[in-house]
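The values are calculated or read from the model by the stated rules, or taken from the named source; none is laboratory data. Quick caveat, the model's predicted, so the values are computed rather than measured. Here the Cβ is made from the backbone with ideal geometry for all residues, glycine too, and neighbour counts use every protein chain on show.
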Amino acid sequence: MNRSKVTIKDVALEAGVSVATVSRLVNGTSIVSAATAAKIQETIQKLGYEPNLMARNLRKKETRVILIVCPNVTNPYYAHILAGITEASYQQGFSAVMYTTNCDPERELEGIQMLYKGRVDGAILMDGLRDHQVFYNAASRFPIVQCSEYVDTEIAPAVCIDNYQASRDMMAHLLGLGHTKIALISSNNDYVSTKIRTQAYKDSLLEAGLPVDPEYIKLGSSDYSFQSGRACALELLQSENPPSAIFCISDTFAFGSIIAAKELGITIPEELSISGFDDVEYTTMHHPFITTIAQPCYELGRTSAQMLFERLEKHSAETGLVYLDHQLVVRESTAKKKTYLTHQDTDLMVNNYSKEKK
């Protein structure tokens, strides 16, 4: 039999079942018993039957393609999320097309237009669209899931970690090591994660009875570039009152800060503690290994894709925020703050020693 001309009727006849049964299995429109499904799958493999997916998709008015709107792919943080999305898509028989925005609102709009043009069935947004009206208009008409960043979880669901608690965990770690002069390298973007991590930093200092010094808060680039992290750290470490610890809201900023400290001859963690956020691969590529907050990036991607497919299948409109677990990972870049004696402390120790000798 010519394998290219095998039809669904041939499969049904060979397997001893009805055409409708084969169709239900192939299209996933109904439940088929395990024994029958195994028999049909064996027959499909034997005959080399290939379903006409294009015709099926036209009948169902679907493309079997989803859209991923991503800020950039140079940051390894996004790479692992994308891996989770694409693997889940493959398992569901979907393809994924990615639109990189480079944090440009115009490009965000261009990407969203793929929904309106019917080129994709739904979208996963990792960019936290800056033009909120574009987001609201699209989310009210199409299946959308937000991943990592979000605009409004009441109109479209979102998957992320608890950024506030994760940042509080990191600040508790640094404060517990005795650091009272803790700086923050944040970002000049308007992502919700940036705002939340910054607020957690401030709240942690205030609850510890410490002031929030604006001079200790520096803003790196919107795309978390290494060079901007380095520049922020150089500015902090060369100030009149340098910090003893730096909390960076991304591992890229942390890596840039470590390089800045090395350039100034500052040892880590003996003289300066530096922490990051995300736990991307290069946190353990060079010493000192970076203390950071580990995000389950692959699971963030996989979960957001599964949620989108459920919305597509059930036509559901469930909303809300789904938190995945984070973890504080303590490595080599943080340590207890060293206590340095002043001249007064030294004189007092000498006087006390002299009195004890007498």
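General remarks:
- Residue that is farthest from the chain's Cα centre (by Cα), among those in the stretch 287-305 that are crowded, with 24+ Cβ neighbours inside 10 Å and over 30 Å from Pro269 (Cα atoms): Ala305
- The stretch 209-223, residues that are within 22 Å of Ser244 (Cα to Cα), touching a residue at least 24 places away in the same chain (Cβ under 8 Å) and surrounded by 14 or more Cβ atoms within 10 Å (Cβ to Cβ): Leu210, Tyr216, Ile217, Lys218, Leu219, Gly220
- Condition met for Gly118 (buried (at least 16 other Cβ atoms within 10 Å of the Cβ), in a loop (DSSP other than H, G, I, E, B) and not assigned by TED's automatic domain parsing to the domain that holds Asn189): no
- Filter pass, Tyr201 being among the aromatic types (Phe, Trp, Tyr), buried (at least 21 other Cβ atoms within 10 Å of the Cβ) and free of Cβ contacts under 8 Å to residues at least 40 places away in the same chain: no
- Tally of residues being within 16 Å of the chain's Cα centre (by Cα) and not hydroxyl-bearing (Ser, Thr, Tyr) across the stretch 248-286: 10
- Identity of the residue in the stretch 70-87, of a type in the set (Val, Ile, Thr) and crowded, with 16+ Cβ neighbours inside 10 Å, that ends up nearest to the chain's Cα centre (by Cα): Ile81
- Scanning the stretch 203-239 for residues that are of a type in the set (D, E, K, R) and either under 22 Å from Asp169 (Cα atoms) or in contact with a Phe, Trp or Tyr (Cβ under 6 Å, 6 or more places away or on another chain) (or both) turns up Asp203, Glu207, Asp213, Lys218.
- When restricted to residues that are closer than 24 Å to Glu313 by Cβ and at pLDDT below 65, the stretch 1-31 contains 5.
- Residues of the stretch 121-133 satisfying the condition of being modelled with pLDDT of 85 or more and either touching a Pro at 6+ places or on another chain (Cβ under 7 Å) or not in a strand (DSSP E or B) (or both): Asp121, Gly122, Met126
- Residues of the stretch 320-342 classified as at pLDDT 95 or above, β-branched (Val, Ile, Thr) and within 21 Å of Ala245 (Cβ to Cβ), total: 3
- Some residue of the stretch 140-158 being surrounded by fewer than 23 Cβ atoms within 10 Å (Cβ to Cβ), in a helix (DSSP H, G or I) and without any contact (Cβ under 8 Å) to a residue 60 or more places away in the chain: no
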